[in-house]
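The values are calculated or read from the model by the stated rules, or taken from the named source; none is laboratory data. Predicted model only: the values in this text are computed from it and were never measured. Counting neighbours? That spans all protein chains shown, and the Cβs are built from the backbone with ideal geometry, glycine included.
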């Protein structure tokens, strides 16, 4: 803990009870979600995600009063914070930066990350009422990173409304995802009717192929999932990672914890054929948005991925009155299915001033390329 003007900075390793924004609609900042990551071993020191959540608290309390444990402590600002010993699971790729440090015999790790483990989803990062408090959070981060001689501080997938808190020394990066927005459609046929004829025909054909192959779908919230269904979903998730030569970062206990503690925020879509579960997709919902996170299957079938991950999600949004659907990172193929290019943002502070000019040039070139890419994608917008 260290003190500033009228505030105290509380670093809380391995605890999220001081970071408890349960009133937020963003599900990935709920106490239950962060606790599930930690309790399941998915975000811990051995996984390279050391949780050190930051609370900026009013300090008009007595010296013996411990704001880190008191239930009546007043949080002025909050931040989901991790010390990282690698760059995996972040989805803002900085391996080239780490390699540059290594060529000069310098350590890029550990670094600090403000974000959600394994979750490339834009949402609140600097949880404060105004930019002044957000700047205090960032200043505290820089001071602590400097004191520990850490290479950098990174803020991934922040909302644009928080960008005003960052000074010019923070490097800006961006990327593109593909999101669905309800334009007032009441059902899937209305949504299809808004698309260009060829795109509409292709989606109908894809759904027909899945239906004709004998697949049937169940949409289950966390409190409707049995152990066998959770195990099946986890096996699909792990199989997808294995197919790309990666180890699954999350555990079955993490899935169980979500089902137990976030039952109405968790949605699992299961594809069944011949009385057997053949594929599944896991989603989280919060506010007016559905977030697609994981998918997998034990067989290949035309259109099965699109139906399970996209069309079932759109069906769910239309039925539940949700206005947004974010199906995950990357994937230009989503455009033809109604998901439009949407920018994402991140900010990066580099401690070693010698690297700053080169990385600033690198980021500027990346932004030019991203702008050109976004213009190219607009040509593929599927709506009539």
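Descriptive notes on the structure:
- All conditions but one from (1) surrounded by 22 or more Cβ atoms within 10 Å (Cβ to Cβ); (2) closer than 18 Å to residue 28 by Cβ apply to residue 165; the one that does not is (2).
- Exactly one residue among 266, 252 is in contact with a helix residue (DSSP H, G or I) (Cβ under 6 Å, 6 or more places away or on another chain) and either surrounded by fewer than 18 Cβ atoms within 10 Å (Cβ to Cβ) or on the phi > 0 side of the Ramachandran plot (or both), and that residue is 252.
- Filtering segment 218-228 for residues that are surrounded by 17 or more Cβ atoms within 10 Å (Cβ to Cβ) and over 21 Å from residue 328 (Cα atoms) leaves a non-empty set.
- Any chance residue 299 is touching a strand residue (DSSP E or B) at 6+ places or on another chain (Cβ under 6 Å), surrounded by fewer than 16 Cβ atoms within 10 Å (Cβ to Cβ) and either in the same structural domain as residue 249 (by TED's automatic domain parsing) or over 23 Å from residue 92 (Cα atoms) (or both): yes
- Answer from 213, 243, 248, 259 - the residue that is touching a strand residue (DSSP E or B) at 6+ places or on another chain (Cβ under 8 Å), free of Cβ contacts under 8 Å to residues at least 40 places away in the same chain and in the same structural domain as residue 315 (by TED's automatic domain parsing): 259
- Single residue of 128, 165 found to be under 30 Å from residue 352 (Cα atoms), modelled with pLDDT of 95 or more and in contact with a helix residue (DSSP H, G or I) (Cβ under 8 Å, 6 or more places away or on another chain): 165
- Just one of the numbered conditions (1) modelled with pLDDT of 95 or more; (2) over 21 Å from residue 318 (Cα atoms) is not true of residue 247: (1).
- Test: residue in segment 6-26 that is modelled with pLDDT of 85 or more and in contact with a helix residue (DSSP H, G or I) (Cβ under 9 Å, 6 or more places away or on another chain): no
- Count of segment 125-153 residues which are touching a strand residue (DSSP E or B) at 6+ places or on another chain (Cβ under 9 Å), outside any helix (DSSP H, G or I) and within 16 Å of residue 55 (Cα to Cα): 5
- In the set (1) more than 13 Å from residue 236 (Cβ to Cβ); (2) modelled with pLDDT of 95 or more; (3) surrounded by fewer than 21 Cβ atoms within 10 Å (Cβ to Cβ); (4) touching a strand residue (DSSP E or B) at 6+ places or on another chain (Cβ under 8 Å), the condition left unmet by residue 272 is number (1).
- Residue selection: residue 310 fails the criterion of being out of contact with any helix residue (DSSP H, G or I) (no Cβ under 8 Å at 6 or more places or on another chain), at negative phi and either touching a residue at least 24 places away in the same chain (Cβ under 8 Å) or not in a helix (DSSP H, G or I) (or both).
- Looking only at segment 265-287, and only at residues there that are touching a residue at least 40 places away in the same chain (Cβ under 8 Å) and in a loop (DSSP other than H, G, I, E, B), the one that is nearest to residue 178 (Cα to Cα): 287
- Qualifying residue in segment 326-348 (condition: touching a helix residue (DSSP H, G or I) at 6+ places or on another chain (Cβ under 8 Å), assigned by TED's automatic domain parsing to the domain that holds residue 152 and assigned to a loop (DSSP other than H, G, I, E, B)): no
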